[in-house]
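Taking it in order: structure first as structure tokens, then the write-up.
The values are calculated or read from the model by the stated rules, or taken from the named source; none is laboratory data. Just so you know, these numbers come straight off a predicted model, no measurement behind them. Cβ placement follows ideal geometry from the backbone for every residue including glycine, while neighbour counts extend to all protein chains displayed. Note: accessible area is taken over every heavy atom of the protein model, side chains too, but ligands, DNA and RNA are not part of it. Shrake-Rupley method; radii C 1.70, N 1.55, O 1.52, S 1.80 Å.
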Amino acid sequence: MFNFEDANKKSKEAVDTALKTYTDTSKGFQAIAAEATEYSKKSFQDAVTHFETLAGVKSFEAAFELQTSFVKAYFEGFVSETTKLSEMYADLAKSAYKPYEAPIAAAVVKTPKSVSAATPAAA
């Protein structure tokens, strides 16, 4: 016999889990967007400062050295920032999956072993 009380409880749990996941995911994307915005602002300001400094250089050698050090620092900062954003995305994916981990594991355990993949028809 169908138990409406159990069905209602499971339905409420599913909705609560979905809402929590949505909230956590939204916060994660907001944090990522804030981080990307801050990096963009800093990067732009660094570039403006660099070009102002570059404009005041008197020799080609000094300009070349200044440009080389700027590009090296910019690349290192870029790699660092992309690593940080990658970690933030990975953490976001893990936190989004976490509420569903136990129900999926339980469903896999309950799935009978005799279920097999569909086989193509013989030609």
Item to complete: Six or more apart or on different chains, Cβ under 6 Å: which pairs go from a residue in the stretch 2-27 that's closer than 30 Å to Met88 by Cβ and free of Cβ contacts under 8 Å to residues at least 24 places away in the same chain to one that's of a type in the set (S, T, N, Q) and in a helix (DSSP H, G or I)? Could you list them?
Response: none
Worksheet item: So, of the residues in the stretch 58-81 that are within 22 Å of Tyr39 (Cβ to Cβ) and of a type in the set (Gly, Ala, Ser), which turns out to be surrounded by the most Cβ atoms within 10 Å (Cβ to Cβ)?
Response: Gly77
Item to complete: Could you give me the residue pairs with C-beta distances under 6 Å whose first residue belongs to the stretch 76-99 and is under 17 Å from Ser43 (Cβ atoms), whose second residue is in a helix (DSSP H, G or I) and open to solvent by less than 60 Å² (accessible area, probe 1.4 Å) wherever it lies, and which are 6+ apart or on separate chains?
Response: Glu81/Tyr39
Item to complete: For Val57, indicate whether it is over 24 Å from Leu92 (Cα atoms) and touching a helix residue (DSSP H, G or I) at 6+ places or on another chain (Cβ under 7 Å).
Response: yes
Worksheet item: Could we say that Ala105 is farther than 20 Å from Glu38 by Cα, modelled with pLDDT under 90 and open to solvent by less than 60 Å² (accessible area, probe 1.4 Å) here?
Response: yes
Practice prompt. Keeping to the stretch 6-34, report how many residues are at pLDDT 85 or above, surrounded by 13 or more Cβ atoms within 10 Å (Cβ to Cβ) and either more than 29 Å from Lys84 (Cβ to Cβ) or more than 14 Å from the chain's Cα centre (by Cα) (or both).
Written response: 2
